[in-house]
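Reading through the structure tokens given below for one structure.
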Amino acid sequence: MATLPTIKRVLLKVSGEALMGEGDFGLDMAVLDRVAKEVVAASKNGTEVAIVVGGGNIFRGVAGAARGMDRATADHMGMLATVMNSVALAGAIDKAGGRGRALSAIPMEAICETYTRSRALERLAGGDVIVCAAGTGNPFFTTDTAAALRAAELDCDALLKGTQVDGVYDADPKTTPGAKRFEQLTFADALARDLKVMDTAAFALARDAAIPIIVFNIHDKGAFGDVLEGRGRATLVSD
């Protein structure tokens, strides 16, 4: 991976599917605890960490809409799934010795705090790891878009996307033998090749805000810390 400037504040995007491990749905507590420990280690090393978690391990809005459910209703259910994951991850961060705080874009004060930019920045400056729940708070936007939005408004130095593979490929490496892996791409290259780094809205947000995207395998032990230190196996997408 190409050399990055020092990352002082990072946005980590974790898919819901990553948190279910080898299961078909729900949370794999071993995976949850490992991710939490790696995040806490980075936080204690001085990196401010914000996280956006997907909800596909519990409910995926697009899939619900495809089965005939109203899309807005399905997306709201998906947002609730991200809140469940975010509360669980914040709790795992506390258990690992950090301070995890779930902040929801949809107010639900009995469960977690409501997200505001000023509150999030205050928490980050105080050493908390914030887990941004409920996506953008609006239907028709993915958690990828929420991750890019939070990274931009929180002035993050990079957006790390934890996936099931160790970077960006020109085809699915799990189904296409010989798929080419990229060490580095420009935003223009990724668009021209139609590489599915993130959805279009998320990608455009990151590009316009000049926030580099780093795609890595969330399942590789220690990968989060390695990428932050510039030695991990990942793909860098930048200007």
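Every read-out reported here was derived from the displayed coordinates using simple, explicitly stated rules and does not represent laboratory data. Predicted, not measured: the structure shown is a model, and the values here were computed from it. No Cβ is skipped: glycine too gets one built from the backbone with ideal geometry, and neighbour counts run over all protein chains shown.
Here are a few things to note about the model shown:
- Taking label points 7 Å from Cα along the Cα-to-Cβ direction, Glu183 and Ala210 give a separation of 2.5 nm.
- Inter-centroid distance (Cα atoms) of region 190-227 relative to region 140-171, Å: 5 Å
- Peptides ranked, highest mean first, by Cβ atoms within 10 Å: ranges 131-138, 86-93: 131-138, 86-93
- In terms of the mean number of neighbouring beta-carbon atoms within 10 Å, the peptides 72-82, 201-211, 142-152 order highest first as 142-152, 72-82, 201-211.
- Per-residue HN-Hα couplings for region 32-37 [Karplus 6.51, -1.76, 1.60; θ = phi - 60°; Hz; x = Gly/Pro]: 4, 5, 5, 4, 4, 5
- Exposed GluC sites (Glu not before Pro) absent - longest run of the chain, DSSP non-H/G/I/E/B, at most 12 other C-beta within 10 Å: 23-108
- Antiparallel %, DSSP beta bridges [both residues in the chain], to 5: 15 percent
- Dividing the helix sum by the residues of the chain, where each DSSP H run of 4 or more adds -39500 (n - 2.57), gives a mean residue ellipticity at 222 nm of -11500 deg cm²/dmol.
- Straight-distance candidates among the aspartates and glutamates for linking to Lys37, with alpha-carbon spacing under 15 Å and chain neighbours fewer than 8 residues away dropped: Asp28, Glu48, Asp94, Asp128, Asp220, Asp226.
- Selected from Leu12, Leu195, Leu160 as most flexible by GNM, with the chain as the system and alpha-carbon contacts under 10 Å: Leu195
- The trypsin sites (Lys or Arg not before Pro) of region 58-141 that meet both conditions, a loop assignment by DSSP and at most 16 other Cβ atoms within 10 Å of the site Cβ, are Arg67, Arg99.
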